[in-house]
Amino acid sequence: MANLFEIHGLKSEIEGKEILKGFSLSIQGGQVHAIMGPNGTGKSTLASSIMGHPKYEVTGGEVYLEGEDVLEMDVDERARAGLFLAMQYPSEITGVTNADFLRSAINARRGEGSEISLIKFVRLMESKMRELEMNPEFMHRYLNEGFSGGEKKRNEILQMMMLEPKLAILDEIDSGLDIDALKIVAAGVNAMRHTERSFLIITHYQRLLNYIKPDFVHVMMQGRIVKSGGPELAERLEAEGYDWVKEELGIVDETVSQA
Ligand SMILES: Nc1ncnc2c1ncn2[C@@H]1O[C@H](COP(=O)(O)OP(=O)(O)OP(=O)(O)O)[C@@H](O)[C@H]1O
Ligand SMILES: [Mg+2]
């Protein structure tokens, strides 16, 4: 079976400092891959580099979504092609309401001539907000402005549910969520699992993976994957931390400062 998403030897730097040092991963349609790893090992950099964030300069490697060369696409094209990132730290945008933002995003994804009608959009947004147990007032609030940490995370999932990406990257979607919200968000993600959609879930905690069952768990250190396994790997990390991985692999400094 062809891979839905493939990364080969991705290298990326910021302000001349290399962060990703040859990151490779293949994801088939329908799979959920989790990435865990100590702070500062390049997880968010990976997410931003895939999305084409202008701060990160990709200096090597290849990225393919359904065989299409992602690195050749500009940022808008990547979203249109079906890449989505729920950010670790979502930005606040004053003056743009949540509804305005989402409608533009959906229309950009659909392309000219296939825009969603206002009435359909409102119905869709209302129904997804109900699913996520969000207060309807969030429709007309400025994007993320004054949202609590958990409200921002729930709003990122709302965006994902409405945009229906092919590959959804969720960067620490569980941070800041209370227990009930975690279950609601996980249910939202699970409802979207589909043979033609994949998920890359970055998390520090195994607990999220109790609710969203991953097919594979990868450990990231020094800007690349250093170990892969199944859900049991996340359980062992939760119980024992990362020292045993470092010992096993002879890694002294797991951050990206080391080559
Ligand atoms: N704008 C920047 N300027 C300088 N260094 C940066 C910049 N952005 C990221 N870095 C460095 O790149 C490294 C990797 O950062 P990244 O955010 O990818 O880590 P992470 O694995 O997501 O960590 P965490 O688990 O804490 O979210 C860090 O050492 C960070 O300080
Ligand atoms: Mg991060």
For region 113-244, percent of DSSP beta bridges that are antiparallel (nearest 5) comes out at 55 percent
Determine which aspartates and glutamates satisfy two conditions relative to K21: a Cα distance under 19 Å, and not lying fewer than 8 residues away in the same chain. E6, E13, E57, E62, D253, E254
GNM, the chain, Cα, under 10 Å: largest mean-square fluctuation among I50, I93, I184? I93
What stretch of the chain, leaving out the sites themselves, is the longest with no trypsin sites (Lys or Arg not before Pro) in a DSSP loop having at most 16 other Cβ atoms within 10 Å? 56-140
What pairs in K55/K246; K17/K43; K11/K227 have C-alpha atoms more than 24 Å from each other? K55/K246
State the volume of the convex hull built on the alpha-carbon positions of region 52-109, expressed per residue in Å³ and rounded to an integer. 107 Å³
Solvent-free Debye scattering, log10 I(q)/I(0), computed from the Cα coordinates of region 180-259 at q = 0.16, 0.17, 0.20, 0.22 Å⁻¹: -0.68, -0.75, -0.94, -1.06
Can you work out the PRE-style zone for E92? Point 7 Å along Cα to Cβ, and I want the residues of region 127-150 with backbone N under 11 Å. 142-149
Give the average over all directions of the projected area of the C-alpha convex hull of region 120-185, one decimal, in nm². 4.6 nm²
Residues whose modelled amide H sits under 5 Å from the amide H of G60, counting only those 5 or more places away in sequence or on another chain, are K11
Name the residues whose placed amide hydrogens come within less than 5 Å of the amide hydrogen of I225, ignoring near sequence neighbours (fewer than 5 apart) on the same chain. S24
Please name which of I119, P136, P90 has its Cα lying farthest along the dipole of region 1-155 towards the positive end, using unit charges on Cβ (Lys, Arg +1; Asp, Glu -1) and the Cα centre as origin. P136
In Hz, Karplus ³J(HN,Hα) per residue of region 195-209 (6.51, -1.76, 1.60; θ = phi - 60°; x = Gly, Pro): 4, 10, 9, 10, 10, 10, 10, 8, 8, 9, 10, 5, 3, 4, 6
Among the lysines, which have Cα under 17 Å from the Cα of K152 when same-chain residues fewer than 8 positions away are ignored? K128, K183
Rg over Rh, two decimals, region 157-221 (C-alpha only, Kirkwood Rh): 0.93
GluC sites (Glu not before Pro) within region 70-157, DSSP loop, no more than 16 other Cβ atoms inside 10 Å: E92, E112, E115, E133, E145
Check which residues have an amide H placed less than 5 Å from V96's amide H, if you skip close sequence neighbours. L143
Along each of its three principal axes, how wide is the spread of alpha-carbon positions in region 53-170, in whole angstrom units, largest first? 44, 33, 25
To the nearest 20 debye, what charge dipole does the chain have about its Cα centre, counting +1 at the Cβ of each Lys and Arg and -1 at the Cβ of each Asp and Glu? 560 debye
Under the Karplus curve 6.51 cos²θ - 1.76 cosθ + 1.60, θ = phi - 60°, whole-Hz ³J(HN,Hα) for region 220-232, x wherever Gly or Pro sits: 10, 9, 6, x, 7, 7, 10, 7, 9, x, x, x, 5
Over the alpha carbons of the chain, what is the largest minus smallest coordinate on each principal axis, giving the biggest first in Å? 58, 40, 38
For region 2-18, 3J(HN,Hα) per residue [Karplus equation, 6.51 cos²θ - 1.76 cosθ + 1.60, θ = phi - 60°, Hz, x = Gly/Pro]: 5, 7, 6, 9, 9, 10, 10, x, 5, 10, 8, 9, 10, 6, x, 9, 6
Towards the positive end of the charge dipole of region 1-68, with charges on Cβ (+1 Lys, Arg; -1 Asp, Glu), say which of M36, F5, G52 has the farthest Cα. M36
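Only the coordinates and a few stated rules stand behind these numbers; no lab work does. Only a predicted model underlies this, so the values are computations on that prediction, with no experimental measurement involved. Heads up, the Cβs are rebuilt from the backbone with ideal geometry, glycines too, and the neighbour counts pull from every protein chain shown.
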